[in-house]
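Values in this text are rule-based calculations from the coordinates and carry no lab data. Source: prediction; values computed, not measured. Please note: Cβ atoms are built from the backbone with ideal geometry, for glycine as well, and neighbour counts cover all protein chains shown.
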Amino acid sequence: MQHIQWFPGHMTKAMRMMEESVRLVDGVLVVLDARAPAATINKKLNRLFGGKPVLYILNKADLADDKKTDASLSAFSKAGMAALKCAATRQGSARAIAARVGELLREKFAKDEAKGMERVPKLMVCGVPNTGKSSVINALGGGKRAATGDKAGVTRGKQWIRCAGFELLDTPGTMPPSFDDQTLARHLAYIGSINDDILDMSELALEFLREISVTYPDFLRERYEIEDFSSPLAMYEQVCRRRGFMLRGGDFDYERGGKAIIDDFRKGRLGAISLECAADYADSLR
Ligand SMILES: Nc1nc2c(ncn2[C@@H]2O[C@H](COP(=O)(O)OP(=O)(O)OP(=O)(O)O)[C@@H](O)[C@H]2O)c(=O)[nH]1
Ligand SMILES: [Mg+2]
């Protein structure tokens, strides 16, 4: 099985930049993927925040299994970590985030106001690649302020974005330097947080089918008409058959099949799927 490891040089630089920038902000927004809240927590980053208030945003909730998202929120709450779910690309997310940020910073800003200081809150927005950091900023800023894209590594340098209620610092996605847990590493690969160029998509698709056939078999039955769940390869070949991914001579086109499976998941075409629940990783959220 492929061992997933990805920590390009620009991430070391980005971590250093965040460590320096955190002193300039009032709080931090950590954008997680609601489908993989444990995989998208970078505990190395948590240590950089130096006691500043942190709000965890379980983004892409529209693609996730809502029951599991709610169970994850309970786990965060139990761990004493402020968290909310949202879909940054949908209407209404900005208001919910702004309200929670207001609560989180209330004390600090009440003190400042008492001293006659009036200013807008400064927030650093961070998280692993592709979780929707720039999309959260665009939601809060009301317009396309920051570049977004459906692959890992769209944002490179840091960028301050001024909007009505906040000053926001967009940062490049950063990864933990090593993945102790390869199950979580694969979850990062499924959601597009790891550069696809370093991944073996066929192997990834096999692993994905192995997992999802246990947690959401009905979705596989519905979309690909899979009936034989005896092995990941049998499922894989049924996907190729169903989607017409065949080569001349009657061989399966595994390459196209693998990409299609992962892409169907990323776009939510299989259904609302969560890969894990934060409650199952309660001891390793911070
Ligand atoms: N369905 C759905 N898609 C989203 C949501 N938020 C962001 N996206 C999409 O996810 C992709 C990544 O979003 P970005 O905002 O670029 O993510 P990022 O975290 O800034 O990514 P990097 O800068 O590469 O680290 C884009 O295609 C967005 O349109 C969401 O809540 N729901
Ligand atoms: Mg970005």
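Return 163, 277, 126 ranked ascending by Cβ neighbour count within 10 Å, so the fewest neighbours appear first.
By the 10 Å Cβ count, ascending, the order reads 163, 277, 126.
Could the peptides 199-206, 53-60 be put in order, highest first, of the mean number of other beta-carbon atoms found within 10 Å of their residues?
Highest mean packing first, the order is 53-60, 199-206.
Go ahead and set up a Gaussian network model of the chain, Cα springs under 10 Å, then flag whichever of 111, 68, 85 fluctuates most.
Of 111, 68, 85, the most mobile in the Gaussian network model is 111.
Rounded to whole Å and sorted largest first, what semi-axes of the equivalent ellipsoid does the C-alpha gyration tensor of the chain yield via the square root of 5 times each eigenvalue?
37, 18, 17
Once amide H atoms are placed 1.01 Å from N in the peptide plane, what residues at a sequence separation of 5 or more from residue 85, or on another chain, have their amide H within under 5 Å of its amide H?
For residue 85, the qualifying residues are 58.
Which helices pass in the chain if a helix is a full DSSP H run, must span at least 24 angstrom along its long axis by Cα, and must have mean Kyte-Doolittle hydropathy not below -1.0?
93-114
Taking residue 78 as the anchor, which lysines have their alpha carbon closer than 16 Å to its alpha carbon, excluding any fewer than eight residues away along the same chain?
Candidates past the 8-residue exclusion: 68.
What net charge do the residues around residue 263 carry, taking every other residue with its C-beta under 13 Å from that of residue 263, with Lys and Arg at +1 and Asp and Glu at -1?
+4
Kindly flag which residue pairs out of 43/85; 13/52; 133/158; 13/43; 158/267; 43/108 have an alpha-carbon separation exceeding 23 Å in this structure.
Long pairs (Cα-Cα over 23 Å): 158/267; 43/108.
Given the C-alpha centroids of segment 101-178 and segment 228-283, what is the distance between them in whole angstrom?
35 Å
Can you run the Rg to Rh ratio on segment 61-101? Use alpha carbon positions and the Kirkwood inverse-distance Rh.
In segment 61-101, Rg relative to Rh is 0.99.
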